[in-house]
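**Q** Have a look at this one before I ask anything.
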Amino acid sequence: MPNSSNATELSALARTPHHIVRELEAGLLADTAHTSPKYFYDAVGSVLFEAICVLPEYYPTRTEAEIFSSHMADMAQVIGLGGSLIDLGAGNCAQAARLFPVLTPDQYVPIDISVQHLQDAVTRLQQRFPHIEMTALGLDLAHDWVLPVEVRNDKRLFFYPGSSIGNFEPRQALAFLRHLRASCDRQGGILIGVDLIKDKSLLDAAYADSLGVTAAFNLNLLRHVNRLLQSDFDVRQWQHEAYFNPQKSRVEMHLRATEDLRVNWPGGYRNFMQGENIHTENSYKYSIDSFVPLLAEAGFSNACHWSDPHGWFAVMYAKAA
Ligand code: AVJ
């Protein structure tokens, strides 16, 4: 009798694209082991992230939402109406949907690495907003991507909320912004959420919450990697670690081995000593004064920004012209 759970695992590996297997192996075998934050977002990880967004310690999502509700009319004045709203990393499309009544886009183009998650949300949204043409796209924004011809060319507004830009190294963030600038004409623009540098204690708490949801989110990456690589990580041998690194202006997330251990996968293995880390995420924090020049360097001008009373988060708009 074939072992059915084994067969499932094998077919999962057979379905993992080679470049992903290579990327994971290279990261795990590096001097300091590391993985890309995109591997947080399997089915469980996506739900855990939605839970993080409503935690009291995780201020970014609700602070950004407050900024939008307080300044929406002013934003619409500056941005103008109509055009194509291109939602980068749309997830459940909740943030963009709140802009529809005010910005009245002609077309909505949500983009996410997981098209399935997206498709359900878009189907529901299309019923609420039948007049907006909707085209969901499955793209990995961390790699080379181009917009297909279905995306209208007049007045493209790139919407990049949630401070997702923070996952890029600053140099890569610039390259990404340049790519956006090259993907629209002079009528285009960018509306982006940027998490700001603040007290270390607030940042530490936001990424190491008291319920342990962020810990579960971080640890769940090991299960996702196990499925992709057919590796044998034991979640119980690892501990969540997250802290603000002020020198590098970023929150770092790591998984720390709680004992000496060995991880195996087809064609490879790695020994970890107790206390050794896998670096799983960087979340860069900016100031208004450091982000505006980045937008300018990327070819966006006339930047304006809206913030919350604490100055914890900023929403910035800049024109392609
Ligand atoms: C989705 C990248 C914006 O950096 O705050 C939340 C991901 N990681 N808690 C962030 C995250 C841990 C989040 N971004």
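The values are calculated or read from the model by the stated rules, or taken from the named source; none is laboratory data. Bear in mind that the values here come from a model prediction, so they are computed numbers and not experimental data. Note: ideal-geometry Cβ built from the backbone for every residue, glycine included; neighbour counts use all protein chains shown. All accessible areas refer to the heavy atoms of the entire protein, side chains included, with ligands and DNA or RNA removed. Shrake-Rupley method; radii C 1.70, N 1.55, O 1.52, S 1.80 Å.
**Q** Say each of ASN302 and ALA321 gets a label point 7 Å from the Cα, pointing the same way as Cα to Cβ; how far apart are those two points in nm?
**A** Here the answer is 0.5 nm between the modelled labels.
**Q** Quick one: pull the percent of accessible area on region 212-321 belonging to carbon and sulfur, 1.4 Å probe, ligands and nucleic acids left out.
**A** Answer for region 212-321 is 48 percent, counting heavy atoms of protein chains only.
**Q** Assigning unit charges at the beta carbon (Lys, Arg +1; Asp, Glu -1) and nothing else, what dipole magnitude in debye, to the nearest 20, does region 124-237 show about its Cα centre?
**A** Values: 14 positive and 13 negative charges, 60 e Å.
The dipole of region 124-237 has a size of about 280 debye.
**Q** Tell me the label-point distance for the pair GLU23, SER287, using the 7 Å Cα-to-Cβ offset, in nm and rounded to one decimal.
**A** 3.4 nm
**Q** Of LYS38/LYS198; LYS198/LYS285; LYS38/LYS200; LYS200/LYS285; LYS198/LYS248; LYS155/LYS285, which pairs sit farther than 19 Å apart, going by alpha carbon to alpha carbon? If you can, show how the numbers build up before the last one.
**A** Details: LYS38/LYS198 25 Å; LYS198/LYS285 8 Å; LYS38/LYS200 25 Å; LYS200/LYS285 11 Å; LYS198/LYS248 13 Å; LYS155/LYS285 29 Å.
The pairs that break the limit, which is 19 Å between Cα atoms, are LYS38/LYS198; LYS38/LYS200; LYS155/LYS285.
**Q** Calculate the spin-label point distance for ARG256 paired with GLU66, positioning each point 7 Å from the Cα along the beta-carbon direction, and give it in nanometres.
**A** Between GLU66 and ARG256, the label points sit 3.2 nm apart.
**Q** Under unit Cβ charges (Lys, Arg +1; Asp, Glu -1), what dipole magnitude, rounded to 20 debye, does the chain have relative to its Cα centre? Spell out each step's value before the answer.
**A** Working: 26 positive and 36 negative charges, 98 e Å.
In debye, rounded to 20, the chain gives about 480.
**Q** Working out 0.36 nm times the residue gap between ASP120 and ARG15, then minus their Cα-Cα distance, what length gain in nm do you get to one decimal?
**A** Details: separation 105, 0.36 × 105 = 37.80 nm, distance 2.30 nm.
Going from the current span to full extension adds 35.5 nm.
**Q** Still on this structure: If each residue of separation counts as 0.36 nm, what is the full-extension length gain between VAL47 and ASN271 once their alpha-carbon separation is subtracted?
**A** Details: separation 224, 0.36 × 224 = 80.64 nm, distance 3.09 nm.
Roughly 77.5 nm would be gained on extension.
**Q** What is the antiparallel percent of DSSP beta bridges lying wholly in the chain, to the nearest 5?
**A** Working: 32 of 52 bridges.
The antiparallel fraction comes to roughly 60 percent.
**Q** Counting only heavy atoms of protein chains, what accessible area per residue, in Å², does region 171-321 have with a probe of 1.4 Å?
**A** Working: 6630 Å² over 151 residues.
On a per-residue basis, region 171-321 sits at 44 Å².
**Q** Using Cα atoms only, what is the angle between the long axis of helix 4-15 and the major principal axis of the chain, expressed in degrees (0 to 90) to the nearest 10?
**A** 50 degrees
**Q** Then there is this: Which part of region 161-199 falls in the paramagnetic zone of ALA142, meaning amide N under 17 Å from the point 7 Å along Cα-to-beta-carbon?
**A** 163-177
**Q** How far is the Cα center of region 195-242 from the Cα center of region 251-298, in Å?
**A** Each part reduced to its Cα centre gives a spacing of 10 Å.
**Q** While we're looking at this one, here's another question. Translational D (Stokes-Einstein, µm²/s) of the chain at 4 °C and 1.567 mPa s when Rh comes from the Kirkwood sum over C-alpha pairs? Before the final figure, lay out each step's value.
**A** Details: Rh = 20.9 Å.
Value of D from the Cα-based Kirkwood radius: 62 µm²/s.
**Q** Additional query: List the trypsin sites (Lys or Arg not before Pro) in region 169-270 that DSSP assigns to loop (not H, G, I, E or B) and whose Cβ has at most 15 other Cβ atoms within 10 Å. Which are they? Working shown, then result.
**A** Numbers: sites: ARG171, ARG178, ARG181, ARG186, LYS198, LYS200, ARG223, ARG227, ARG236, LYS248, ARG250, ARG256, ARG262, ARG270; in loops: ARG186, LYS198, LYS248.
Within region 169-270, the qualifying trypsin sites (Lys or Arg not before Pro) (loop, at most 15 other Cβ atoms within 10 Å) are ARG186, LYS248.
**Q** Which residues' amide hydrogens lie under 5 Å from the amide hydrogen of GLY162, considering only partners 5 or more residues apart or on another chain, with H built in the peptide plane?
**A** Answer set, sorted by chain and number: GLY193.
**Q** Please report, as a whole percent, how much of the solvent-accessible surface of region 53-208 comes from carbon and sulfur atoms (probe radius 1.4 Å). Show your work: numbers first, answer last.
**A** On the way: 3800 of 7000 Å².
For region 53-208, the apolar C and S fraction of the accessible surface comes to 54 percent.
**Q** Based on DSSP loop calls and a cut-off of at most 14 other Cβ atoms within 10 Å, the longest stretch of the chain free of exposed GluC sites (Glu not before Pro) is what?
**A** Values: sites that count: GLU150, GLU259.
So the longest stretch without any such site is 1-149.
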